[in-house]
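Take a look at the structure set out below.
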Amino acid sequence: MRRPGFHHRQHGKAAGGAVKGMLGRLSIAVAVLMICTVSLLIKFTSNGGTTGSVHRSQINVEELWRSPDSGGWKPSSAPRSEWPPPSSESNGYLRVRCNGGLNQQRTAICNAVLAARIMNATLVLPELDANSFWHDDNGFHGIYDVEHFIKALRYDVHIVESIPEIRKNGKTKKIKALQIRPPRDASVSWYTTEALKKMKEHGAIYLTPFSHRLAEEIDNAEYQRLRCRVNYHALRFKPQIMKLSQSIVDKLRTQGHFMSIHLRFEMDMLAFAGCFDIFTPAEQKILKKYRAENFAPKKLVYNERRAIGKCPLTPEEVGLILRALGFDNSTRIYLAAGELFGGERFMKPFRSLFPHLENHNSVEPTDELAGNNQGLLGSAVDYMVCLLSDIFMPTYDGPSNFANNLLGHRLYYGFRTTLRPDRKGLAPIFIDHENGKTAGFEEAVRKVMLNTNFGGPHKRIPPESFYTNPWPECFCQMSPKNPADKCPPKNVLEILNNQLENEMINDLESLNLSNSTGSVEER
């Protein structure tokens, strides 16, 4: 005979044991889930901390023709904190001479504006060096819209086209700028001490050469946003350059999408990289001579350089990457490049894979471009066409100012798709391919490319340049988790304009008061 309640107690005990067992299994499942989540986060961080981009498990060509996921970010370089207008009491005049090619000069112009702001100086319109490489005497007026440049930066710095003459003791005198060679990647403090001291002593300073003469990483988001305002808003090419570039883009789009490729297989870059062995003895002699004349002596072993991805991709390697990604021979490609070293011998394999290759002369054969194919004008047109293309691919984005600036501009222009080959990751795959190991080649290429960024917002990790990746300083979110990422008010330009008008009114009142006091003293 069972005691009353015995059965129920036994059942409750069994049920309690089942619950405990279930809780134990649930705890294990939660622990496993947490471990997996942490692993994914670690993997996410190790891949560059990509933000707002969907992790790809495969590559879909149709998706590449569209811009990547922005993650709710949008470009914005307007000030987000107190940003007073430039003071009427300038500390002096700043002259700079920007050396190098178009994009090295472009970076220098951005730095010059920022340097002028830092020193509360009046910027003299930057000089563009007509150097021996470009053989181009087009100055700032010949490439950029000067009126727009000055107007766009009116809330940031005072800009004049030349140092004005001053009248002293009844004589007209021109201020002579003291020439200074600034240190490379100079800090903000150098400009507020050494440079500013000389400016106040002489009234004007002339910084030359002025390439990479201001540190890129500055712990002041407003200063970085000023660089973006210069680079992506104030620096507008002259109307005829914009019109010519748009005409080329329109013609390329008549048959649908097109991609642009910066094919950096040129003498200067090959000589710099020390990649000689694939060339004939006569060509090697030319490259070695160029290197000896233009770069510091350094022992470079081709096989070692090649193995770590230090050589520019050959045109054929570019074609093989695109084929592995799924692009077919109907793809229209615009080539932004100077004279390819080695000529048609290297282009032929690429052309056999992708016959629809164009450049600015083939799309728009104008006398204007023909006479300035390798100068600043040709580079400016290439820059705009690459900016507006659906996909952009740099083949060597090491010390290439053209590719690096475009990567940053396309990011700012709306996270437009970029294909950035990981040369180090691809090098052993191409070496095996050359040695006859072709099995699994395309799959191996795709695997490497899946780990690259396709143009979405991503963390800037040294040595990546601010000009290559101005995220997050020059972007904002409408509904941010971090208040620092909040977009500025929609009427920000109105606020800046009111501040500028108030400054001008105050200056006029001060001037009237000064004149009035002077008149009383004279009486």
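Structural remarks
- Estimated FRET transfer efficiency (Y290, H233; beta-carbon r; R0 30 Å; 0.05): 0.20
- Applying 1/(1 + (r/R0)^6) with R0 = 45 Å to the Cβ-Cβ distance of E89 and A337 gives a FRET efficiency near 0.40.
- Loop sites in the stretch 244-345: GluC sites (Glu not before Pro), DSSP, at most 13 other Cβ within 10 Å: E339
- Within-13-Å neighbourhood charge of F210 [Cβ basis; K, R +1; D, E -1]: +3
- A cut-off under 11 angstrom between Cβ atoms defines the neighbours of C228, and their net charge, with Lys, Arg +1 and Asp, Glu -1, is +1.
- Theoretical FRET efficiency, 1/(1+(r/R0)^6), r = Cβ-Cβ of K251 and E222, R0 56 Å, to 0.05: 0.85
- In this simple spin-label approximation, N498 and A282 carry label points 7 Å from Cα along the Cα→Cβ vector, and these lie 7.2 nm apart.
- Backbone N within the stretch 425-441 under 20 Å of label point (7 Å from I461 Cα along the Cβ vector): 425-428
- Each label was represented as a point 7 Å from its Cα along the Cα-to-Cβ direction; for K298 and E201 these points are 3.6 nm apart.
- Beta bridge orientation in the stretch 93-234: antiparallel %, DSSP, nearest 5: 20
- Local electrostatic count at K168 - Lys and Arg +1, Asp and Glu -1, tallied over other residues with Cβ under 15 Å: +4
- In a DSSP loop and with at most 16 other Cβ atoms within 10 Å, the trypsin sites (Lys or Arg not before Pro) in the stretch 177-232 are R184.
- Whole-Å distance, taken between Cα centres, linking the stretch 196-251 and the stretch 253-314: 29
- Top positive-direction residue, dipole computed over the stretch 93-234 with Cβ charges, set S189, G100, Y223: S189
- At most 14 other Cβ within 10 Å, DSSP loop - trypsin sites (Lys or Arg not before Pro), the stretch 445-482: K481
- Antiparallel DSSP beta bridges within the stretch 239-477, as percent of all bridges there, nearest 5: 10
- A crude spin-label estimate for the pair Q179 and R446, with each label 7 Å from Cα along the Cβ direction, gives 5.9 nm.
- D382 - accessible surface, heavy atoms, 1.4 Å probe, Å² rounded to 10: 10
- Placing +1 on each Lys and Arg Cβ and -1 on each Asp and Glu Cβ, with no other charges, gives the stretch 93-234 a dipole about its Cα centre of roughly 740 debye.
- Charge dipole (Cα centre; +1 on Lys/Arg Cβ, -1 on Asp/Glu Cβ; no other charges) of the stretch 55-126 amounts to roughly 200 debye.
- Largest accessible area first, the residues R323, R117 order themselves as R323, R117 under a 1.4 Å probe with ligands, DNA and RNA left out.
- Residue-span extension gain [E194 to A307] - 0.36 nm each, minus C-alpha spacing: 36.3 nm
The values are calculated or read from the model by the stated rules, or taken from the named source; none is laboratory data. In this text the structure is predicted, and so the values were computed from the model without any measurement. Neighbour counts are summed over all protein chains in view; Cβ atoms, including those assigned to glycine, are modelled from backbone coordinates with ideal geometry. Ligands, DNA and RNA are excluded from the accessible area calculation, which covers all protein heavy atoms including side chains. Shrake-Rupley method; radii C 1.70, N 1.55, O 1.52, S 1.80 Å.
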